[in-house]
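One structure is given here, and the rest of the page talks about it.
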């Protein structure tokens, strides 16, 4: 086995769509038939190599510091195809089959897609049965390594680990009753060993295996059962001589039973999530990690750079965590991100329209690499070795803490005056049902959820308005024409409660973020959601308030077009938070309450404008659900409270939809 030292600092992963969403554009051009397979493959190659060069220039210039967590669509699909969990006995999976698995065809459905742990990234769910043929295809990952080597980069190949891969899979429809995918762990472990042996024979000295299943409470197995599985699997894998050295990463939370299991397996390196939010949720975690690793030959990759959020790190506080680990007996210590940086945008540097003070508070993927580099230097040579970075960090922490943009006393006082605990609208449900008979609706009224498709004409009008070729008045006229068309369509269809279609909204969260104080939005802050789809999360920078009505004029206009009821349409506080980057200086529950009362003002204005039915959308209610079971009741309590705050003072005659 090889003995190359682990790099002094690294990251767990990097945005793979390209700084200008080049992969998205190449994918969609290929799917649409505008480019052929050769052109697409060449584009994807260029994006990967350019990313490697970018990472090297940012300081990841040690061998194996650059993670090759590449995927054309999804890292779980990429891993499942490479180790042979899907694809049957096929020796290789070509692009046509690969994208058929991801997107489906006229003859077959795609793999199910769902959230990756508690992130806004979606993965494709492998399907497994007792009879699934597992056929490793190491050439896929060997090609990635060779491609990087040819461009002058020694990268660290990446796979989702075997325990997590099966824990996040599901049984096929023809699997036996009660079949648990984890029963195939021994077979899958053998496949991983083949892939690792092939990498070793190709001269690869490090590989990264991600095991986030060990930080979550899953229904497929208990925390202890998953830890036992990991202990067994890694005893097998790490017992092989013919393999690269192994870095096991554990993003998205704190290990419990899995900590001793993984340390006991003695990987060459172990990465743990030590982001501030993780340490806040798991008291004593730094001490537990240090105690477990002390006295071993394991390199601890300390995930002290928060890869989930976009705030500049407090480098002095983060350095204190590293020093605590050293004091606790950890001899081999490296710096890394808490999770893959795929969850944040590329760089703050391209954001030219952010307020100058806010830009100084932010840290996207490239800036986080700089923070990791600074901490590694300070760990070795003291803060003087990274004096400029620490000075910038000190300034960001101080100015953000003192800024009027962060703190609004009137908002804080208003929220402090709210009742403690859970709240409930009055009168109770039965009384409201009686009061709402005045709406004169059928016993089973028909309605729609809300937004209508954004037509080509609307998208063009929005683009023309942004570019200045369409005046404000012309743009509003175009939107009004679309609202009128949507109202007329619903009336022809005999719908009882109408919607205006929301053509004025570019996004159900960003629309409100642009109108609420306490938010900022970016121009280029794209983050991959799945495949070619990217989102641009808004940022909660401070206390939230509503300076003026946000939806009333559009609701009034739509209502003027029909004798039927037209609903007001609001996005709820939890969804606004779930699809934004949130503050790290206050609990999410505080921001949720603030958004809740801001939206309550909107409800009051809608009522005053004659809107009698108001929809409050919360599609993301479960998306912020904590990974640990014991944390979920508290979350659900404040999430429900914030939703109820929106309609707490609504008139009994106002009907609330959700």
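Taken over region 503-518, the criterion of being in contact with a helix residue (DSSP H, G or I) (Cβ under 8 Å, 6 or more places away or on another chain) and part of a loop (DSSP other than H, G, I, E, B) is satisfied by 503, 504, 505, 506, 508, 509, 516.
Residue 272 - would you say it is in a strand (DSSP E or B), in contact with a helix residue (DSSP H, G or I) (Cβ under 7 Å, 6 or more places away or on another chain), surrounded by fewer than 24 Cβ atoms within 10 Å (Cβ to Cβ) and assigned by TED's automatic domain parsing to the domain that holds residue 333? Against the criterion (in a strand (DSSP E or B), in contact with a helix residue (DSSP H, G or I) (Cβ under 7 Å, 6 or more places away or on another chain), surrounded by fewer than 24 Cβ atoms within 10 Å (Cβ to Cβ) and assigned by TED's automatic domain parsing to the domain that holds residue 333), residue 272 does not qualify.
Within region 101-111, the set of residues being within 18 Å of residue 128 (Cβ to Cβ) and surrounded by 12 or more Cβ atoms within 10 Å (Cβ to Cβ) comprises 101, 102, 110, 111.
For residue 606, the test of being farther than 25 Å from residue 307 by Cβ, crowded, with 21+ Cβ neighbours inside 10 Å and under 28 Å from the mean Cα position of the chain (by Cα) is failed. From the list 414, 405, 392, the lone residue that is over 27 Å from residue 523 (Cβ atoms) and surrounded by 15 or more Cβ atoms within 10 Å (Cβ to Cβ) is 414.
Whether any residue in region 318-338 is surrounded by 21 or more Cβ atoms within 10 Å (Cβ to Cβ), farther than 20 Å from residue 259 by Cα and either in contact with a helix residue (DSSP H, G or I) (Cβ under 8 Å, 6 or more places away or on another chain) or in contact (Cβ under 8 Å) with a residue 12 or more places away in the chain (or both) is what I want to check. Within region 318-338, one or more residues are surrounded by 21 or more Cβ atoms within 10 Å (Cβ to Cβ), farther than 20 Å from residue 259 by Cα and either in contact with a helix residue (DSSP H, G or I) (Cβ under 8 Å, 6 or more places away or on another chain) or in contact (Cβ under 8 Å) with a residue 12 or more places away in the chain (or both). Residue 195 - would you say it is touching a strand residue (DSSP E or B) at 6+ places or on another chain (Cβ under 8 Å), in the same structural domain as residue 242 (by TED's automatic domain parsing) and assigned to a loop (DSSP other than H, G, I, E, B)? Considered against the rule, which asks whether it is touching a strand residue (DSSP E or B) at 6+ places or on another chain (Cβ under 8 Å), in the same structural domain as residue 242 (by TED's automatic domain parsing) and assigned to a loop (DSSP other than H, G, I, E, B), residue 195 comes out as no.
Every residue in region 146-165 that is in contact with a strand residue (DSSP E or B) (Cβ under 7 Å, 6 or more places away or on another chain) and either in a loop (DSSP other than H, G, I, E, B) or closer than 23 Å to residue 233 by Cβ (or both), please. Residues satisfying the conditions are 153, 156, 157, 158, 159, 160, 161, 164.
Out of 220, 207, one residue alone is assigned to a loop (DSSP other than H, G, I, E, B) and either closer than 30 Å to residue 289 by Cα or at pLDDT below 95 (or both). It is 220. Set side by side, the residues 19, 44 differ, and just one is outside any helix (DSSP H, G or I) and either touching a helix residue (DSSP H, G or I) at 6+ places or on another chain (Cβ under 8 Å) or surrounded by 16 or more Cβ atoms within 10 Å (Cβ to Cβ) (or both), which is 19. Restricting 32, 26 to residues that are without any contact (Cβ under 8 Å) to a residue 24 or more places away in the chain, farther than 16 Å from residue 370 by Cα, in the same structural domain as residue 348 (by TED's automatic domain parsing) and surrounded by fewer than 18 Cβ atoms within 10 Å (Cβ to Cβ) narrows the list to 32.
So which residues in region 401-418 are within 14 Å of residue 583 (Cβ to Cβ) and in a loop (DSSP other than H, G, I, E, B), if there are any at all? Matches in region 401-418: 403, 405, 406, 407, 408. For region 526-540, a residue qualifies if it is part of a strand (DSSP E or B) and either out of contact with any helix residue (DSSP H, G or I) (no Cβ under 7 Å at 6 or more places or on another chain) or under 18 Å from residue 599 (Cα atoms) (or both), and the qualifying residues are 529, 530, 533, 535, 538, 539, 540. Taking the numbered list (1) touching a strand residue (DSSP E or B) at 6+ places or on another chain (Cβ under 8 Å); (2) more than 25 Å from residue 572 (Cα to Cα) in turn, residue 517 passes all entries but (2).
Of the residues 424, 374, the single one that is surrounded by 14 or more Cβ atoms within 10 Å (Cβ to Cβ) and not assigned by TED's automatic domain parsing to the domain that holds residue 544 is 374. Which of the residues belonging to region 419-460 are outside any loop (DSSP other than H, G, I, E, B), touching a residue at least 12 places away in the same chain (Cβ under 8 Å) and within 27 Å of residue 493 (Cα to Cα)? Those that are outside any loop (DSSP other than H, G, I, E, B), touching a residue at least 12 places away in the same chain (Cβ under 8 Å) and within 27 Å of residue 493 (Cα to Cα): 436, 438, 439, 457, 458. Total residues in region 74-85 satisfying the condition of being over 24 Å from residue 17 (Cα atoms) and either touching a strand residue (DSSP E or B) at 6+ places or on another chain (Cβ under 7 Å) or at pLDDT below 95 (or both): the figure is 1. Considered as a group, the residues in region 453-480 that are closer than 16 Å to residue 499 by Cβ and at pLDDT 95 or above include one that is surrounded by the fewest Cβ atoms within 10 Å (Cβ to Cβ), and that residue is 480. Tell me, please, whether a residue that is modelled with pLDDT of 95 or more, outside the structural domain of residue 581 (by TED's automatic domain parsing) and under 24 Å from residue 157 (Cβ atoms) can be found in region 276-287. Checking region 276-287: not a single residue is modelled with pLDDT of 95 or more, outside the structural domain of residue 581 (by TED's automatic domain parsing) and under 24 Å from residue 157 (Cβ atoms).
Summed over region 352-386, the residues that are in contact with a helix residue (DSSP H, G or I) (Cβ under 9 Å, 6 or more places away or on another chain) and without any contact (Cβ under 8 Å) to a residue 24 or more places away in the chain give a count of 4. Could you tell me whether any residue of region 88-97 is surrounded by 20 or more Cβ atoms within 10 Å (Cβ to Cβ) and either within 24 Å of residue 207 (Cβ to Cβ) or in contact (Cβ under 8 Å) with a residue 60 or more places away in the chain (or both)? There is at least one residue in region 88-97 that is surrounded by 20 or more Cβ atoms within 10 Å (Cβ to Cβ) and either within 24 Å of residue 207 (Cβ to Cβ) or in contact (Cβ under 8 Å) with a residue 60 or more places away in the chain (or both). Can you tell me which residue within region 73-98, out of those that are assigned to a loop (DSSP other than H, G, I, E, B) and out of contact with any helix residue (DSSP H, G or I) (no Cβ under 6 Å at 6 or more places or on another chain), is nearest to residue 123 (Cα to Cα)? Here the residue is 74. For region 583-617, the set of residues classified as outside any helix (DSSP H, G or I) and out of contact with any strand residue (DSSP E or B) (no Cβ under 8 Å at 6 or more places or on another chain) consists of 585, 586, 587, 609, 610, listed by residue number. Checked against (1) surrounded by fewer than 24 Cβ atoms within 10 Å (Cβ to Cβ); (2) closer than 21 Å to residue 420 by Cα, residue 563 passes all but condition (2).
The values are calculated or read from the model by the stated rules, or taken from the named source; none is laboratory data. As the structure is a computational prediction, the values presented were derived from the model and not from experiment. Glycine gets a Cβ as well: all are built from the backbone with ideal geometry, and neighbour counts include every protein chain shown.
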